[in-house]
1. Exposed loop sites here are chymotrypsin sites (Phe, Trp or Tyr not before Pro) in DSSP loop states with at most 11 other C-beta atoms within 10 Å. What is the longest stretch of the chain lacking them?
2. For Tyr56 and Phe38, calculate 0.36 nm times their separation in residues minus their Cα-Cα distance, and state this gained length in nm to one decimal.
3. Evaluate Rg over Rh across segment 4-80, taking Cα atoms for both radii and Kirkwood's formula for Rh.
Amino acid sequence: MGYDLSFTGIIISVLFSTTLAPIAGNYGPVAGFLAGVFHMILVTNVGIIHGRINLYNNGVFTLYYGSITGLPEICNRYKI
């Protein structure tokens with residue numbers, strides 16, 4: 001990806017990508033791996049917009065993934 005792995009933003013992104021573990025638990029390791037890859041890509045590239053505040057990026061994208069992956073289950077539960 002062209003980033004120094006000792007950069008604080010990259011380390012925080014990797015640590016917060018563990019919040020995507022429920023995706024791997026529900027949908028399998030391939031889906032978990034893909035979620036982690038997309039997480040790293042989005043978090044490291046969207047930070048340019050607001051000064052590389054990666055902690056904020058991690059939380060927003062984790063919420064986004066959780067919403068997208070949980071949406072079908074919520075719709076089925078409430079018959080929407």
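1. It works out to 4-77.
2. Stretched out fully, the Tyr56 to Phe38 stretch lengthens by 4.9 nm.
3. Checking Rg against Rh, the ratio lands at 1.04.
Laboratory data are not the source of any read-out in this text; all were calculated from the coordinates shown. Quick caveat, the model's predicted, so the values are computed rather than measured. Cβ atoms come from the backbone with ideal geometry, glycine included; neighbour counts cover every protein chain shown.
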